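Everything below concerns the one structure shown next.
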Amino acid sequence: MTNRAALAAFRERLQGEVVVPGDPGYDRARAVWNATADARPAVVARCAGVGDVVAAVRFARERELLVAVRGGGHSYPGFSTCDGGIVIDLSPMAGVRVDPERRTATAAGGALLGELDRQAQAHGLACPTGHVSHTGVGGLTLGGGVGRLTRRHGLTLDNLAAVELVTAEGERVRADPASEPELFWGLRGAGANFGIATSFELRLHPVGPLVLAGIAVYPVERAREVAAVFAAYMAGAPDEITAGLGWFVAPPGPPFPPAVAGRPVVVVNATHAGPLEEAEPDLAPLRALGPALDTFAPRPYLELQAESDDHYRWGRRNYWKGLLLEALAGEAVDQIGALVAAAPGPDCGVGLLSLGGAFGRVPEDATAFSGRSATLWLITEAVWDDPAEDPARIAWGRDAMAALRPFATSVNYVNDLGQLDQAAVRGAYGPAKYDRLAALKRTWDPDNVFRRNQNIRP
Ligand SMILES: Cc1cc2nc3c(=O)[nH]c(=O)nc-3n(C[C@H](O)[C@H](O)[C@H](O)COP(=O)(O)OP(=O)(O)OC[C@H]3O[C@@H](n4cnc5c(N)ncnc54)[C@H](O)[C@@H]3O)c2cc1C
């Protein structure tokens, strides 16, 4: 069959849309969140349902096309697109169904966090997810899922009850603790490697609708003092509190008062997921250092989950990396301050989020995710718009990682890995887990069809 005939047959078979170069919607269909990931796939299959995903996998295998799978499109390095291959795009497969009696949600493979939050909050429930509501449930859950409820209810993947998959053979499989326990283990931390998840069943918990949350802002000169109080308090804090420290240059003007506006700052942020009357006293120690600005107030959980959406909007250029830490050394605090002071422009920052609590009580071997003894998740972010700034921004991001890696654990959160470097992927899981995952990969994807990810080699 000629390429043209094969494509026509594929179009015929798909309920969704097939978009190729030259089609009017091609540039929209190929775009992903990070504008630096500017790839040109040969085909984008916008799947309308599970049957389309099966058809797309079979088409890709018959034509020997490189496969990229796209959920929310937020992979930092752009794993959900590729040059010359096929993007199996799940974004038309959105939709979340909540069963309030069983406290579960079923999210389709292309659903976004905001939809899960909205549907669950309609019943006063929530699943722990991430911080930005246009992120995909798919990639976030299959790698981890750290957010405002992590210490209270664990990672998103700790709340997975079952996954429905289309395999590399184009077959449908359900993985849960009873039916495919080893696959279900691997899906929770290395999930993008084993198939295309078309549905996630997730456990929900009562949250909100109001939670106490906010930020307390200090001049960066006070970073050591603030970090010491933060670390000491979070070591024994109630699970209801998930809190963070952020370093960035405050925008000039309100809400930042003159003492900190336009200057490098260190910011405590926190969410208390319990009753409001307990939240005030629980959070008081994190606010007691006399900040230049304190915004803590009862907030709708839903509003909080979307508050950073515009800052992290689609189409900007991004270089993000992450590490896990077991403790916060004073030298690390100084390094972070120096890095932010040396940033090549605005929107370069470093963030820390507290782990522990429910996250830390999951045994290390219970899931493929590695790093349960970490107490902090560290993220470096560079965000910009002008391609001419690429070299300076990327160099800053690399320098930041080099400076901070000595303070980190050897394992890492795979959603933060930016490259297809095998040593980094093996290191992120540790050798024992990596070998177990490689055996699983040989069972489910021996030809490494699903390799646009933090790849486990079969
Ligand atoms: C603005 C922003 C905010 C973020 N905030 C957080 C946060 O608070 N907490 C956190 O833990 N992480 C966070 N992340 C990181 C995020 O978890 C990862 O980038 C994640 O991979 C994004 O998933 P996605 O579906 O949106 O991305 P995609 O780019 O679509 O996919 C990412 C990877 O997962 C694979 N994949 C996606 N969906 C499926 C599926 N259904 N089946 C099989 N494979 C699939 C893709 O092939 C790709 O390899 C954030 C990222 C961004 C850009």
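What to note about this one:
- Two-site label geometry, residue 171 and residue 102: point separation in nm, points 7 Å out along Cα→Cβ: 2.4
- Sparsely packed chymotrypsin sites (Phe, Trp or Tyr not before Pro) within the range 218-321, loop by DSSP, other Cβ within 10 Å at most 14: 314
- Available extension along the chain between residue 277 and residue 222 is 16.8 nm, counting 0.36 nm per residue and deducting the alpha carbon span.
- Cα shape, the range 34-73, gyration tensor, a/c 1.5 rule: oblate
- Within the range 3-162, antiparallel bridges make up roughly 50 percent of the DSSP beta bridges whose residues both belong there.
- Residues residue 259 and residue 410, FRET efficiency given R0 of 56 Å [Cβ-Cβ distance, rounded to 0.05]: 0.90
- Element breakdown for the chain at a 1.4 angstrom probe: carbon and sulfur atoms account for 53% of the accessible area.
- Whole-angstrom gap from the range 87-140 to the range 332-379, using each part's C-alpha centre: 25
- Helix 223-234 and the longest principal axis of the Cα set of the chain meet at an angle near 70°.
- For the set 80, 75, solvent exposure ranked by accessible area (probe 1.4 Å, protein chains only) runs largest to smallest as 75, 80.
- Ranking of 390, 347, 399 by solvent-accessible surface, largest first: 399, 347, 390 (1.4 Å probe, protein heavy atoms only, all chains present).
- Per the Kirkwood formula applied to alpha carbons, the chain shows a radius of gyration over Rh ratio, Rg over Rh, of 0.97.
- Shape class of the range 294-384 from the Cα gyration tensor (axes a ≥ b ≥ c, square roots of the eigenvalues): oblate, since a/c reaches 1.5 or more and a/b does not exceed b/c.
- Counted charge near residue 152, where neighbours are those whose Cβ lies closer than 14 Å (Asp, Glu -1; Lys, Arg +1): -1
- In units of the compact-protein estimate 2.2 N^0.38 Å, the range 141-282 shows a Cα radius of gyration of 1.40.
- Within the range 239-333, the trypsin sites (Lys or Arg not before Pro) that combine a DSSP coil assignment with at most 12 other C-beta atoms in a 10 angstrom radius are 313.
- Normalised by the number of residues in the chain, the mean separation of alpha-carbon contacts (under 8 Å, six or more apart) gives a relative contact order of 16 percent.
- Within the chain, helix-based [θ] at 222 nm, where runs of 4 or more DSSP H residues each add -39,500 (n - 2.57), nearest 500: -9000 deg cm²/dmol
- Based on protein heavy atoms only, the chain ends up with 39 Å² per residue of surface accessible to a 1.4 Å probe.
- Counting only the Cα atoms, the range 206-347 fills a convex hull of 133 Å³ per residue.
- Prolate/oblate/rounded call for the range 366-458, Cα gyration tensor, a/c under 1.5 rounded: oblate
- Amide N of the range 306-333 lying under 17 Å from the label point, which is placed 7 angstrom from the Cα of residue 28 along Cα→Cβ: 314-315
- Residues residue 61 and residue 442, FRET efficiency given R0 of 22 Å [Cβ-Cβ distance, rounded to 0.05]: 0.80
- Taking all Cα pairs closer than 8 Å and separated by 6 or more residues, the relative contact order of the range 194-313 comes to 40 percent.
The values are calculated or read from the model by the stated rules, or taken from the named source; none is laboratory data. Source: prediction; values computed, not measured. Note that each Cβ is placed from the backbone with ideal geometry, even for glycine, and that neighbours are counted across all protein chains shown. All accessible areas refer to the heavy atoms of the entire protein, side chains included, with ligands and DNA or RNA removed. Shrake-Rupley method; radii C 1.70, N 1.55, O 1.52, S 1.80 Å.
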